1. For Ile233, work out the one condition from (1) within 17 Å of Leu106 (Cα to Cα); (2) modelled with pLDDT of 75 or more it doesn't fulfil.
2. Check Lys27 against each of (1) buried (at least 22 other Cβ atoms within 10 Å of the Cβ); (2) in contact with an Asp or Glu (Cβ under 7 Å, 6 or more places away or on another chain) and name the one condition it does not meet.
3. Would the range 53-64 turn up any residue that is open to solvent by less than 20 Å² (accessible area, probe 1.4 Å) and out of contact with any Phe, Trp or Tyr (no Cβ under 6 Å at 6 or more places or on another chain)?
4. So which of Ala175, Ala268, Ala205, Ala261 is closer than 28 Å to Leu104 by Cβ and at pLDDT 80 or above?
5. So Ala242 fits all but one of (1) at pLDDT 85 or above; (2) over 17 Å from Leu51 (Cα atoms); (3) open to solvent by 30 Å² or more (accessible area, probe 1.4 Å); (4) hydrophobic (A, V, I, L, M, F, W, C); what number is the exception?
6. Please determine, by comparing only the residues of the range 51-66 that are part of a helix (DSSP H, G or I) and either of a type outside the set (Asp, Glu) or in contact with a Leu (Cβ under 9 Å, 6 or more places away or on another chain) (or both), which one is nearest to Leu76 (Cα to Cα).
7. Determine, yes or no, whether Leu41 is within 21 Å of the chain's Cα centre (by Cα), farther than 16 Å from Gly163 by Cβ and crowded, with 24+ Cβ neighbours inside 10 Å.
8. For the range 84-101: of the residues being in a helix (DSSP H, G or I) and open to solvent by 10 Å² or more (accessible area, probe 1.4 Å), which is nearest to Leu172 (Cα to Cα)?
Amino acid sequence: MTVPKSSPVWLVLIGILSVQFGAGIAKSLFDEADPTAIVWLRLTASALIMLAIARPALRGKTREDWLVVLAYGASLGLMNWAIYQSFQRIPLGLAVTIEFVGPLTLAVLGSRRVQDLLWVGLAALGVLLLGFERTDLDPVGVLYALLAGAAWATYILMSARTGRRWPGFDGLVVASVVAMLLLTPLALGRHGDELGDGRILLLGALVGLLSSVIPYTCELVALRSIRPSVFSILMSLEPAVAALAGIVVLAEFLSPVQWAAMVCVVVASVGATRSGQVLAEPAPD
């Protein structure tokens, strides 16, 4: 399958919009099905769609190739499962804000210039304003969001490594199948009776397209030519877009302080994209 040529920045932005509006649709289904069942539907739908689009070549892969893609799939599954558990307990925008601690930490560790750290600091200020303006957050929801953030940081690193070892979308397809298989016993064992509703299955497929197929494809392509640290700074748009999706899909409205936090993260993202070091250096063989 031919990989399309496009600006890595635009690919990341398209992925952000898609994943957060897909999350809003998913959360709207939680009154009818458990989050574990919904996230399994999302992963299953995305895996089947991508298998239909691209048939991964599995022959000739080394042990290291398989270890990388298995780690990619495990981080993908854990990230999705944990953030959906968080969505059930706290507002969408706040869950994504707390989740952002993971990639923000990765950005700090990967920064090489003072200017990069300044943009990260501005994004961190927005995260703090948005994440701690409310004091009645469910602590379990916060812990799930932090777990999702750790998995997100791992996902970023594994996605970049997978893209270098697996051509085209092969690694993404294999990782999606791995994530689906890891959650299958939990979803079918405890929530199998919730998956017989045709409407839930159809919406689950839509969530899979919006929240997995489109964003992960965009990110996999972008991470071949963008540093993981810069990618992480760009992802500071996630809380703002999640809050927008919460308003449009779920009627979760924000306070003035939370909107001020959004300005911080958006400005930080714009600054990162204009820093002149968006494109990555060539990866070593």
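The values are calculated or read from the model by the stated rules, or taken from the named source; none is laboratory data. Predicted model, so just to flag it, every value in this text is computed and none were measured. Backbone-built Cβ (ideal geometry, glycine too); neighbour counts: all protein chains shown. Just so you know, the surface numbers come from the protein's heavy atoms only, side chains and all, with ligands and any DNA or RNA stripped out. Shrake-Rupley method; radii C 1.70, N 1.55, O 1.52, S 1.80 Å.
1. It fails just one condition, (2).
2. Among (1) buried (at least 22 other Cβ atoms within 10 Å of the Cβ); (2) in contact with an Asp or Glu (Cβ under 7 Å, 6 or more places away or on another chain), the lone unmet condition for Lys27 is (2).
3. Taking the range 53-64 first, the residues open to solvent by less than 20 Å² (accessible area, probe 1.4 Å) are 54.
Among the residues that remain, those that are also out of contact with any Phe, Trp or Tyr (no Cβ under 6 Å at 6 or more places or on another chain) are: none.
No, that holds for no residue.
4. Numbers: Ala268 fails: at pLDDT 80 or above; Ala205 fails: closer than 28 Å to Leu104 by Cβ; Ala261 fails: at pLDDT 80 or above.
Unique residue meeting the criteria: Ala175.
5. In the conditions (1) at pLDDT 85 or above; (2) over 17 Å from Leu51 (Cα atoms); (3) open to solvent by 30 Å² or more (accessible area, probe 1.4 Å); (4) hydrophobic (A, V, I, L, M, F, W, C), Ala242 misses (3) alone.
6. The initial filter retains those residues of the range 51-66 that are part of a helix (DSSP H, G or I), namely 51-53, 63-66.
Next, from what is left, pick out any that are either of a type outside the set (Asp, Glu) or in contact with a Leu (Cβ under 9 Å, 6 or more places away or on another chain) (or both): 51-53, 63, 66.
Values: Leu51: 17, Ala52: 20, Ile53: 20, Arg63: 20, Trp66: 15 Å.
Among those that are part of a helix (DSSP H, G or I) and either of a type outside the set (Asp, Glu) or in contact with a Leu (Cβ under 9 Å, 6 or more places away or on another chain) (or both), it is Trp66.
7. Values: within 21 Å of the chain's Cα centre (by Cα): yes; farther than 16 Å from Gly163 by Cβ: yes; crowded, with 24+ Cβ neighbours inside 10 Å: yes.
For Leu41, the condition - within 21 Å of the chain's Cα centre (by Cα), farther than 16 Å from Gly163 by Cβ and crowded, with 24+ Cβ neighbours inside 10 Å - is met.
8. Checking each candidate, the answer is Glu99.
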